[in-house]
1. Just name the residue that is surrounded by the most Cβ atoms within 10 Å (Cβ to Cβ) out of those in the stretch 107-145 that are assigned to a helix (DSSP H, G or I) and in contact with a Phe, Trp or Tyr (Cβ under 9 Å, 6 or more places away or on another chain).
2. Restricting to the stretch 285-302, count the residues that are out of contact with any Phe, Trp or Tyr (no Cβ under 8 Å at 6 or more places or on another chain) and either of a type in the set (Lys, Arg) or free of Cβ contacts under 8 Å to residues at least 24 places away in the same chain (or both).
3. Test residue 226 against the criterion of being outside any loop (DSSP other than H, G, I, E, B) and surrounded by fewer than 23 Cβ atoms within 10 Å (Cβ to Cβ), and give yes or no.
4. For the stretch 185-213, which positions are assigned to a helix (DSSP H, G or I) and under 27 Å from residue 142 (Cα atoms)?
5. Out of the residues in the stretch 92-151 that are farther than 29 Å from residue 37 by Cα and basic (Lys, Arg), which is modelled with the lowest pLDDT?
6. Cβ-Cβ below 6 Å, separation at least six or inter-chain, first residue in the stretch 184-204 and within 19 Å of residue 286 (Cα to Cα), second among the small types (Gly, Ala, Ser) and in a loop (DSSP other than H, G, I, E, B): which pairs?
7. Which of the following residues is surrounded by 16 or more Cβ atoms within 10 Å (Cβ to Cβ) and closer than 19 Å to residue 335 by Cβ: 308, 287?
Amino acid sequence: MKFFLSCLLSTLLFTTPTFSYHDFTCYTSIMIDHVCYASDEDLEQLDIVKGSQRIITLEEKDHILSTFRKHPEHLVGGSGTNVVKALRQLDVSCSMIGTIGNDAFADEIEELLQKQEVANHFTRLDLDNGQVICLITPDGERTFAVYDSSAYHTETIEFDNEIEETYFSYLSGYHLREEEVVEAFIKAAKPKSQHIVLDLASENVICDRQEWILSLLKNDVNIVFSNALEAERLLGTDAKTACMYLAELCEYAIVTNGKNGCYLAHKGEITHVPANHVDVVDTTGAGDVFSAGVLYGIKNGLSMKECGEIGTRLASEVIQIVGNEIPQEKWDVLIPRLLTRE
């Protein structure tokens, strides 16, 4: 297995971004993740469907953070950010486009991107940064209460000027509520990308946009990621059947199904990869690091089975800890094993 080494930026500034070719370009909202512990009854009282997300107000955010038992640390997150953090560990060069707040978290975000050597072009807004409260139930399932603030104020982004030649252009499904922005991103990215990647990411957003999403998949998207619940919301069918159908629309289709593993379809063939059975602590970030592993495999010309195995290996690591990222000491062990596919 061959790593693709990159020419990386030594200094990154939000105000003076520099672009060159990157393997992975991501339109995303960088969020701050807080972890709180909740029961199923708590989720009912908060009116959030377990495993999904709901947009909350500033007052609701403050109430949850002050009322629920909270993990002492927060992390820089957001779906696209989590994918980028994992890809950087695998030496995949990355750039990010989006918006960022101008509060106390902004310096922390900038420091992370500099440390990860991620090229970026974020528009700073005079707003609080977006925050996500990851509500973890005793079974390890995560449910999101999202205070989006700066996250979706994207009308100032000019994608034509900000996207350069890239292998993957990635879009999280959390942005599907911004139809005009999504279409502008895809229009700018298609001539400069080998693959347009969409992670459906949120069944809440899918529910009233099925026809438009299916049109995107058929006409614009090359690689689609979905979990079983999202696939059911979109197509009304089970994970395997959904994967086969999605592969008729896109070049690659990947559908995860929790403890039942995942399905990957490409060129008329479908592959099942079983899950690694481990003790589940927190599923936050599992789908994101899984996507990173699969995309790494595709970039390196691996089979669908090998891509699924790498994604599954990474996901099984992150669900054993609290938070959205695999600790560095785990990566130090994982990377040599991924090289030899142990």
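The values are calculated or read from the model by the stated rules, or taken from the named source; none is laboratory data. Fair warning: this is a prediction, and the values are worked out from it, not measured in the lab. With ideal geometry, Cβ positions are generated from the backbone for all residues, glycine too; neighbour counts draw on all protein chains shown.
1. At the first step, the residues of the stretch 107-145 found to be assigned to a helix (DSSP H, G or I) are 107-116.
Right, trim to in contact with a Phe, Trp or Tyr (Cβ under 9 Å, 6 or more places away or on another chain) and you get 109-110, 113.
Working: 109: 21, 110: 18, 113: 24.
Step by step, filter the stretch 107-145, then rank; the result is 113.
2. Adding up the residues that qualify gives 2.
3. No; evaluated as a whole, the condition is false for this residue.
4. Going residue by residue through the stretch 185-213, those that are assigned to a helix (DSSP H, G or I) are 185-192, 203-206, 210-213.
Those that are assigned to a helix (DSSP H, G or I) and under 27 Å from residue 142 (Cα atoms): 203, 204, 205, 206, 210, 213.
5. Of everything passing the filter in the stretch 92-151, 124 is modelled with the lowest pLDDT.
6. 203/52; 204/52
7. Working: 287 fails: closer than 19 Å to residue 335 by Cβ.
Result of the check over 308, 287: 308.
Residue by residue, here is whether (1) crowded, with 22+ Cβ neighbours inside 10 Å; (2) more than 16 Å from the chain's Cα centre (by Cα); (3) at pLDDT below 95; (4) in a loop (DSSP other than H, G, I, E, B) holds:
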{"position": "272", "(1), (2), (3), (4)": "no, yes, no, no"}
{"position": "281", "(1), (2), (3), (4)": "no, yes, yes, yes"}
{"position": "315", "(1), (2), (3), (4)": "yes, no, no, no"}
{"position": "333", "(1), (2), (3), (4)": "no, yes, yes, no"}
{"position": "336", "(1), (2), (3), (4)": "no, yes, yes, no"}
